[in-house]
1. Take the range 121-173 and flag every residue that is more than 30 Å from D275 (Cα to Cα) and of a type in the set (K, R).
2. I want to confirm something. Restricting to the range 14-39 and keeping residues that are part of a helix (DSSP H, G or I) and of a type in the set (F, W, Y), which single residue is nearest to K112 (Cα to Cα)?
3. Here's a check for you: in the range 139-163, which residue that is closer than 30 Å to A103 by Cβ and in contact with a helix residue (DSSP H, G or I) (Cβ under 7 Å, 6 or more places away or on another chain) is most open to solvent (accessible area, probe 1.4 Å)?
4. Of the numbered conditions (1) over 18 Å from H485 (Cα atoms); (2) more than 23 Å from the chain's Cα centre (by Cα); (3) of a type outside the set (V, I, T), A169 fails exactly one; give the number of that condition.
5. Filter the range 474-492 down to the residues that are touching a residue at least 60 places away in the same chain (Cβ under 8 Å), out of contact with any Ser or Thr (no Cβ under 7 Å at 6 or more places or on another chain) and of a type outside the set (D, E) and list them by number.
6. Of everything in the range 337-355 that's away from the ligand (no atom under 16 Å from the Cβ) and at pLDDT 95 or above, which residue is surrounded by the most Cβ atoms within 10 Å (Cβ to Cβ)?
7. If you take the residues in the range 367-391 that are more than 26 Å from D294 (Cα to Cα), in a helix (DSSP H, G or I) and open to solvent by less than 10 Å² (accessible area, probe 1.4 Å), which one is nearest to the ligand (Cβ to nearest atom)?
8. Tell me whether the range 522-532 contains one or more residues that are open to solvent by 50 Å² or more (accessible area, probe 1.4 Å), charged (D, E, K, R) and without any contact (Cβ under 8 Å) to a residue 40 or more places away in the chain.
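The values are calculated or read from the model by the stated rules, or taken from the named source; none is laboratory data. Predicted model, so just to flag it, every value in this text is computed and none were measured. Glycine gets a Cβ as well: all are built from the backbone with ideal geometry, and neighbour counts include every protein chain shown. Ligands, DNA and RNA are excluded from the accessible area calculation, which covers all protein heavy atoms including side chains. Shrake-Rupley method; radii C 1.70, N 1.55, O 1.52, S 1.80 Å.
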Amino acid sequence: MLKIEPLQQKYIPQGFKITSWEDIEPFTKELLARPINSLAEYERFLEDESELDALTSEEYTRRMVLMTRYTNNKEYDDALNYYLQNISPKMAEYADQINRKIADSPFADQVKDVGFALALKGLRTQMELFRPENIPLQIMDEELGNKSGKVRGAQTVMLDGEEMTLQKAGDRLFWQDRAKREEAWKAIQGRQFQDKQQQDTIFAELVTIRQQTAKNAGFDNFRDYMFKSLRRFDYTPDHALEFHEAIAAHVVPLVRGMVEKKAKEMGLEKLRPWDGAVDPKGRPPLKAFHGVDDLIEKSTRAFANMDPVFHGTIATMHAEGHLDLESRPHKRPGGYMTGFDVKKLPFIFANATEKVRDLITLVHEVGHAVHQIQMRDLRLQAYGRYPMEVAELASMSMELLSMDQWHLFFDKEEDLKRAKKDHLETLIGLFPMIAQGDAFQHQIYLNPDMTPEERNDLWTKTESRFATGMVDWSGFEDWKRIGWHRVHHIFEVPFYYIEYGIAQLGALQVWRNYKRDPQKTLEQYKAALALGYTKSIPEIYETAGVKFDFSSAMLKDLMAFVQQELAELE
Ligand SMILES: [Zn+2]
């Protein structure tokens, strides 16, 4: 167990409760009006402002967590909506004013903390992008994103007389009975196609709003606006385009080889879309654990074998009720980790059944949680606001580092090898999907006047750049065109996608280092996480012992490494 001290409140009284904007307002007014006459006063002001930030952020997180855990509880739903509608917009206005006060102070350049300059750069970027007229647009954007999520969340299908979610129906794609797979696949795709019109319309509205948001902030297009907004200080849109090309050149042939082998093992010339997930050797899906208690017990042992901080993180979360991992009705699908900025203890949400995927999801989220734990002593909230390229380095590395402990989950050598091999193959297969989703979004926002049908054609066209040509979609071309409707990122968190690819290359390097020197690699990993966002992304990667590099050469090198690891598992 870790000893975790909550945030020491020096400004806002202990036990302070936020029920409405009126509770927060006196502090915002005081901070905005406070005179600052020395560096000491400025630093005190920064700490006080950060304290208010932590309290409001934790309040939002608390409401969000409750809503996702109990989606049928109206009180929780109302509480979150109240926050989003009545507190968030006022906080956004206040944030802009306070950011200006922080950035414009003559003492700003005298703060000695490592990381303050970077935080200032982030603030100045936010200020540069801030337009009051964009606040309502951003709220509409979020609401439309939620609406598309609700459309997806309401999708169910009937199979064997049972109504089920698409996620559950998707489990059947791992079944050996090919006719049953085809039936399930058609039910899922057909159901999604029913909502085509609705999703196309929502997205068209989103593109209009996003284009307007970018225009208001002085940009030609939403892509360039988002590159700035996502604080992509260390690479440009052209680097992303080169990454897409490198994936087409070095990963797609590898994936093609894997699919060819699979088709051969299954005795097929080409695969059909419902053949992608099934085990080609005819084995049933692997089970990694029996129930959530077993998952927690085994993972806790695995982390104990790896590192005391990793172990302490999961053990403390478990003891404090900060793990909600079981799949049950009235719970939002998916999984996430979120930080509590006052309590300083992370929270993990998941929907675990018994699949290997559920084990990997937990390990991934524990990677994010360790990140929160490592950063807990950073002085200001701003120091912990790392970009996604850093966040996913922590989580994706953890997936690979944990593989040495997977024997705790699989008794048989054959199962263990199969689970590892599946994970590595899935990881390789993700790169083309990431490139496709990212390349698609570049084109969408560079051409905001496209019609919905032109967008659907663009998806098929983009797909062909990254496809293996080994899957026969004939007869289902219309369904294929709207494949992007399934990708919630495109609706809800635009352009957040390529980070997975970039961070995966970092994670593969961490794993390669770990194989050579486990102890040193873990120390480097923890040191990198402890930095939060007080250094640039390349410097954080360097601290982790790896390069921030997604060039063609690096990709090629790492793919050769993964292939060698795969060969050892044969
Ligand atoms: Zn993640």
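1. Matches in the range 121-173: K121, R124, R131, K147.
2. Ranking the qualifying residues of the range 14-39, first place goes to F27.
3. Once the filter is applied, the top-ranked residue is M140.
4. (1)
5. F476, W479, I482, H485, R486, H488, I490
6. Filtering the range 337-355 for residues that are away from the ligand (no atom under 16 Å from the Cβ) and at pLDDT 95 or above, the one surrounded by the most Cβ atoms within 10 Å (Cβ to Cβ) comes out as D341.
7. It comes out as A391.
8. Yes: one or more hits.
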